[in-house]
Amino acid sequence: MDVAYKNKTLEKFLIFSNLLVTSAVILLAIAQLGFNQPLLTDSIMYAVLIVSTILFVIDQFLRFFNARSKTDFLKTFWFGFASIAILIIICIFSNLLWATAFYLLLQIITKICRTVVNLAASGKSPAITFISSFIAIIIAGAILLMLPKCHSTKPISFIDALFTATSATCVTGLTVKDIGPDFTLAGQIVILCLIQLGGLGIVIFGTVFALLFGQTLSVRQTAAMQDILSEQTASVIAHFIRFIFAATIIIELLGAFFMKDMWLKAGYLPKHIANLWFCSIFHSISAFCNAGFGLFTDNLVRFKADLRVYAVICPLIILGGLGFNVLHNIVDFVWYKFTTCLPKHRQHLITPEKIQLHTKIALLTTVILIISGTIGLLILQNNTAKGNFTLGDAFFQSITARTAGFNTVDINGLSEPSKFLLIILMFIGGCPSGTAGGIKTVTFAIIIMAVYATARRRAEVEIFRRSVPLSIVGRALTVITLFSAVLITSAFLLSITERHSNFEFLNIMFEVASALGTVGLSCGITPSLTTAGKIIIILTMLIGRLGPLTLLAALMFNIKPARYNYPTEAVVVG
């Protein structure tokens with residue numbers, strides 16, 4: 001809901017003052033918590049906290065009296081007054097310091113969330129907002145990772161911090177530093193937050209918290225979220241966003257619970273890991289967001305014999321890679337089937353639900369890729385390399401290679417045919433509207449069926465007795481073309497920058513495919529990359545996470561579609 005104000009100059013001044021106060025509080029937190037020794041004295045810190053709290057409270061009342069409709073203001077910003085009540089209650093039963101710190105935390109979260117939602121609906125291209133949010137998170141994450149409290153070894157360079165922040169935000173998993181030993185608990189928490197924000201997107205998080213704090217989405221905000229989420233029905237946007245948040249929390253908590261005791265298989269926890277619960281939560285979030293970051297130096301190699309690697313981590317990777325559209329459709333369908341068992345006089349209240357074409361394609365393609373990848377790796381590795389490659393090894397790498405980046409075997413020890421098969425799986429990736437990378441399974445399936453339709457001399461692409469619009473086929477072809485162009489260009493540039501490093505070209509291609517597919521598997525060359533090579537991989541990871549089509553849309557959002565068509569004429573192809 002948009003609130004109208006009587007004095008717009010006053011409103012602009014309040015927005016500017018809010019920005020200054022919020023920035024001051026964030027800088028204060030960094031100065032006190034980001035260094036081994038606080039940079040400010042306790043008296044200065046208390047003064048800033050109290051003054052900031054007073055300014056936020058005054059701002060709330062000034063905006064209330066400046067609003068044309070007090071009722072609309074209360075409906076939209078009721079949480080501001082609720083947080084003031086919480087501030088007073090904590091002051092009475094606790095102390096002023098805790099009260100102001102908690103109040104300021106709530107205020108900063110709500111203001112950032114509202115700002116993100118408003119920017120998404122500002123009238124600009126949603127693609128630009130989406131890209132800008134990722135870049136902002138990456139830069140902020142890099143700055144935080146450079147703080148002394150975040151790393152346990154010698155100071156980290158900006159390029160390494162930027163590389164780590166990009167890899168975490170783009171849920172890739174490529175690392176130039178060892179996440180466990182080289183970062184403190186604070187640094188690991190920063191990386192974990194970047195993974196979660198990058199996996200779902202800061203715009204989604206902003207909208208979720210805005211909804212939790214009582215804000216209703218305006219028509220423009222709903223339209224912006226509809227574009228970002230690729231959701232067809234605007235009326236279910238708020239419900240869909242709540243589903244994304246709830247599903248993420250539930251799945252990640254269940255994953256952490258079931259894998260908690262798995263880490264004891266190592267005999268002991270390394271000193272750089274805080275405790276079992278943090279280790280479980282970190283790996284659960286990393287698996288569901290398809291990030292592939294691990295706190296152990298050898299990733300999951302030491303746990304390859306544990307069944308929970310396959311019974312917990314693999315399902316987390318698959319669920320995260322299916323996409324929220326698929327999960328939402330499956331949950332709605334199961335719920336509809338369950339409610340049909342209700343008494344007949346209540347069944348008319350239930351909205352019918354069916355498995356959508358998108359869900360069928362995503363599920364079938366995912367199953368085919370997992371099975372074919374497992375069989376292919378098993379045959380290739382056992383016949384083109386030394387050593388015994390088990391069914392579990394092949395199954396796990398077939399799943400994780402399409403986007404997650406965990407490994408239970410030494411990737412550099414695989415044979416060249418096996419590496420090339422993994423490159424193909426990384427290029428395809430997971431499903432749309434999720435945390436996965438690659439060209440996406442649905443895109444791959446549409447192109448395959450387009451080839452099949454051409455061979456059968458069919459005018460339309462048909463899947464599950466449904467015709468796919470020609471515009472969707474063209475979009476799929478564009479995605480594959482752009483991905484291929486980025487893959488070839490990045491590999492070509494990396495072969496130039498790393499020409500003195502004696503890297504095999506297949507390993508360079510593997511590294512680029514892993515970055516572009518936001519996978520995170522590596523043949524071990526990542527830490528040895530030159531600065532130019534790291535910059536190339538950083539850009540490749542960002543393009544892979546955002547998608548070349550999103551970048552293209554951002555560059556061309558001002559171009560208006562033509563209102564005419566030229567005469568058609570046949571040409572010879574093939």
When restricted to Thr489, Thr518, the only residue assigned to a helix (DSSP H, G or I), closer than 26 Å to Ile411 by Cα and not small (Gly, Ala, Ser) is Thr489
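Okay, residues lined up against (1) at pLDDT below 90; (2) in contact with a Lys or Arg (Cβ under 9 Å, 6 or more places away or on another chain); (3) closer than 23 Å to Ala287 by Cβ:
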residue	(1), (2), (3)
Lys344	yes, no, no
Ile350	yes, no, no
Glu353	yes, yes, no
Leu357	yes, yes, no
Thr374	no, no, yes
Ile379	no, no, no
Asn383	yes, no, no
Considering each residue of region 63-120, count those that are in contact with a Ser or Thr (Cβ under 7 Å, 6 or more places away or on another chain) and either surrounded by fewer than 17 Cβ atoms within 10 Å (Cβ to Cβ) or among the small types (Gly, Ala, Ser) (or both), and give that number. 1
Would you mention how many residues in region 52-62 are surrounded by 14 or more Cβ atoms within 10 Å (Cβ to Cβ) and either in contact with a strand residue (DSSP E or B) (Cβ under 6 Å, 6 or more places away or on another chain) or closer than 22 Å to Asn95 by Cβ (or both)? 5
Specify which of the listed residues (Ile26, Ile54, Ile44, Ile30) is assigned to a helix (DSSP H, G or I), over 30 Å from Ser152 (Cβ atoms), among the β-branched types (Val, Ile, Thr) and modelled with pLDDT of 80 or more. Ile54
For residues that are modelled with pLDDT of 80 or more and hydroxyl-bearing (Ser, Thr, Tyr), scanning just region 250-305, find the one that is surrounded by the most Cβ atoms within 10 Å (Cβ to Cβ). Ser286
Within region 106-159, the residues that are at pLDDT below 85 and in a loop (DSSP other than H, G, I, E, B) are Ala121, Ser122, Gly123, Lys124, Ser125, Ser152, Thr153, Lys154, Pro155
Does any residue of region 39-46 turn out to be in contact with a helix residue (DSSP H, G or I) (Cβ under 7 Å, 6 or more places away or on another chain), buried (at least 19 other Cβ atoms within 10 Å of the Cβ) and of a type outside the set (Gly, Ala, Ser)? no
Just wondering, is there one or more residues in region 282-295 that are free of Cβ contacts under 8 Å to residues at least 24 places away in the same chain and not polar (S, T, N, Q)? no
Index of the failed condition, Phe130 passing every other in (1) surrounded by fewer than 18 Cβ atoms within 10 Å (Cβ to Cβ); (2) within 21 Å of the chain's Cα centre (by Cα): (1)
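The values are calculated or read from the model by the stated rules, or taken from the named source; none is laboratory data. Model, not experiment: these values are computed from the prediction. Counting neighbours? That spans all protein chains shown, and the Cβs are built from the backbone with ideal geometry, glycine included.
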